[in-house]
Amino acid sequence: MRSFIVTIADFTIYLFTAAANAQPSRQQITVPTPHGPILVENFGNCENATCPAVVILSGSMGSRALVYDEIGRKFRAAGLNAYLVHVLSADDLDAIGTASNAQARIAYYARRLPE
């Protein structure tokens, strides 16, 4: 639990630093964590001088769905900075995608969750 809190704190600090330097186009940021790097995509800063931020976590299919581009654009249009956090790695997505059934996916998540 402590490592999770430290990871979130590190991510938050990094996120605000990245937000200050964000460009209008979508950018990729790699955030180091105790369990390996996490990819974060920034959908661009909003039109205001300062903006609240929204952290988007992907669903069970990961961040590949094109709907995330639309979600990012809508948040930006609403005056929010939006960040898509790729919590699932490519290996995670492969393991989930090739699992034989829901029980196998649940078992994978149960093994992976502590990290």
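The values are calculated or read from the model by the stated rules, or taken from the named source; none is laboratory data. Since this is a predicted model, take the numbers as computed values, not measurements. Cβ: placed from backbone, ideal geometry, glycine included. Neighbour counts: every protein chain shown. Accessible surface is based on the protein model in full, side chains and every heavy atom, while ligands, DNA and RNA are left aside. Shrake-Rupley method; radii C 1.70, N 1.55, O 1.52, S 1.80 Å.
Evaluation of C51 against the conditions (1) in contact with a strand residue (DSSP E or B) (Cβ under 6 Å, 6 or more places away or on another chain); (2) closer than 23 Å to P32 by Cβ shows that the sole unmet condition is (2). If you go through the stretch 81-102 and pick out every residue that is within 16 Å of the chain's Cα centre (by Cα) and modelled with pLDDT of 85 or more, you end up with 5. Taking every residue in the stretch 85-106 that is within 14 Å of H35 (Cα to Cα) and among the aliphatic types (A, V, I, L, M) and pairing it with any residue that is open to solvent by less than 40 Å² (accessible area, probe 1.4 Å) and at pLDDT below 80, at least 6 positions away or on another chain, the pairs with Cβ-Cβ distances below 7 Å are V87/S58; L88/S58; L88/G62.
Every residue, every condition in (1) among the aliphatic types (A, V, I, L, M); (2) at pLDDT below 80; (3) within 30 Å of P114 (Cβ to Cβ); (4) loosely packed, with under 11 Cβ neighbours inside 10 Å, yes or no:
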position: F4; (1), (2), (3), (4): no, yes, yes, no
position: Y14; (1), (2), (3), (4): no, yes, yes, no
position: Q28; (1), (2), (3), (4): no, no, yes, yes
position: G36; (1), (2), (3), (4): no, no, yes, yes
position: T50; (1), (2), (3), (4): no, yes, no, yes
position: A65; (1), (2), (3), (4): yes, yes, yes, no
position: I71; (1), (2), (3), (4): yes, no, yes, no
position: K74; (1), (2), (3), (4): no, no, no, no
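From (1) in a helix (DSSP H, G or I); (2) surrounded by 12 or more Cβ atoms within 10 Å (Cβ to Cβ); (3) not basic (K, R), pick out the condition that doesn't hold for L88. For L88, the exception is condition (1).
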